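The values are calculated or read from the model by the stated rules, or taken from the named source; none is laboratory data. These numbers were taken from a predicted model, which means no experiment stands behind them. Quick reminder, even Gly has a Cβ in these numbers, built from the backbone with ideal geometry, and neighbours come from all protein chains shown.
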Amino acid sequence: MNRNNFLLYSIVKFAFLILFLVPAVKVVAQDNQQQILQTRQASNKALRSYDHERVLSYLTDDVLTTTGNGTLLAGKEALRTYIHDFGDSKMYWIRTTESIVINAATGLAWESGTWKGYDPEKGQDPVVGGNYAAMWTKASGQWLTKSELFVALK
């Protein structure tokens, strides 16, 4: 292969990579984002319907949760106890995602947004709210929340 043919071959090969492989990576990232958004929506729905076991199913066993007032809960069992200690409270929380950043190579993702806490016994308006951040992992093959930080600002 002469130099001109080699150069042409290299350019065509590079163009192929740009045209076909780069968009495929973007699609994978979008699929990962979509999976996280769908899981967040399902988690919100489970919170709203007081299906606590369903909520816990979206978390890793070793999840770390920092509540809006700064209480640190280590592990799914600690969170289960925390929820149980609310007793008959009808409080529920809704998270609204504003940003998701995916690192497909490590199977980690960063999600941030706002959250609102509702108490139906006190009306339709939120009684508390603020910002949150979540770390997601895909180590098990599906996206699960590994840690969450909530800060009450309202």
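Can you find a residue in the range 110-123 that is of a type in the set (D, E), in contact with a Phe, Trp or Tyr (Cβ under 7 Å, 6 or more places away or on another chain) and either at pLDDT 95 or above or within 18 Å of A42 (Cα to Cα) (or both)?
Checking the range 110-123: at least one residue is of a type in the set (D, E), in contact with a Phe, Trp or Tyr (Cβ under 7 Å, 6 or more places away or on another chain) and either at pLDDT 95 or above or within 18 Å of A42 (Cα to Cα) (or both).
Which residue pairs have Cβ atoms under 7 Å apart, sit 6 or more places apart or on different chains, and have a first residue in the range 32-56 that is more than 13 Å from W93 (Cβ to Cβ) and a second that is of a type in the set (D, E, K, R)?
As it stands, the answer is I36/E111; L56/K76; L56/R80, since those pairs meet every condition given.
Is it fair to say T81 is in contact (Cβ under 8 Å) with a residue 60 or more places away in the chain, among the hydroxyl-bearing types (S, T, Y) and under 21 Å from E53 (Cβ atoms)? Steps first, please.
Numbers: in contact (Cβ under 8 Å) with a residue 60 or more places away in the chain: no; among the hydroxyl-bearing types (S, T, Y): yes; under 21 Å from E53 (Cβ atoms): yes.
No; evaluated as a whole, the condition is false for this residue.
Out of the range 57-89, which residues are of a type in the set (S, T, Y) and part of a helix (DSSP H, G or I)?
First pass over the range 57-89, keeping only residues of a type in the set (S, T, Y): 57-58, 60, 65-67, 71, 81-82, 89.
Answer for the range 57-89, where residues must be of a type in the set (S, T, Y) and part of a helix (DSSP H, G or I): S57, T81, Y82.
The conditions are (1) over 24 Å from Q33 (Cβ atoms); (2) of a type outside the set (D, E); (3) at pLDDT 95 or above, and T96 fails exactly one of them. Which is it?
Single failed check for T96: (1).
Among (1) at pLDDT below 95; (2) within 16 Å of the chain's Cα centre (by Cα); (3) of a type outside the set (S, T, N, Q), where does D85 come up short?
Here D85 meets the rest and fails (2).
Output the residues belonging to the range 15-44 that are more than 18 Å from G141 (Cα to Cα), within 20 Å of the chain's Cα centre (by Cα) and at pLDDT below 60.
K26
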